[in-house]
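The values are calculated or read from the model by the stated rules, or taken from the named source; none is laboratory data. All of these numbers come straight from a predicted model, not from anything done at the bench. No Cβ is skipped: glycine too gets one built from the backbone with ideal geometry, and neighbour counts run over all protein chains shown.
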Amino acid sequence: MGGSFVVEGFSFIFIAGMVSIILSILLRSFLTTFIQVILLAALLIINSDGGLVYVIGGLAQFALTGLIIFKYIMAIEMNYQLVMEKTHQIPVNVSGNGDRGSRFSFWQTK
């Protein structure tokens with residue numbers, strides 16, 4: 001990219017990274033947030049003119065972003081199922097076994 005900032009040349013990677021960090025914080029997945037911050041910091045620190053490093057980093061970034069978006073959608077589905085159970089509109093499934101459906105981290109959804 002010749003003298004420009006890495007963020008300017010590969011902005012799609014950093015936008016995906018910021019979305020991933022925000023969603024992993026919402027999911028309360030501290031390990032995933034830590035991995036995401038390390039990945040973005042590594043891409044900033046390396047600061048080369050592209051090539052294989054950014055291809056591999058970009059693929060890892062988009063794979064992690066896709067996984068986080070999938071887990072976020074699963075957490076929304078679990079929350080919807082829990083609300084439906086609590087209002088007695090469907091049989092008990094999520095809140096069975098005495099756990100009331102509460103979770104500290106929504107990363108553990110099925």
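Listing for the model above:
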quantity: Any hit, region 19-27, residues being surrounded by fewer than 15 Cβ atoms within 10 Å (Cβ to Cβ) and more than 16 Å from the chain's Cα centre (by Cα); calculated: no
quantity: Matching residues, region 57-91, being more than 19 Å from I15 (Cβ to Cβ) and either of a type in the set (F, W, Y) or at pLDDT below 80 (or both); calculated: Y80
quantity: Unmet requirement for A41, which otherwise passes all of (1) in contact with a helix residue (DSSP H, G or I) (Cβ under 6 Å, 6 or more places away or on another chain); (2) modelled with pLDDT under 90; calculated: (1)
quantity: Selected residue (criterion: surrounded by the most Cβ atoms within 10 Å (Cβ to Cβ)) from residues of region 61-77 that are farther than 10 Å from W107 by Cα and of a type in the set (V, I, T); calculated: T65
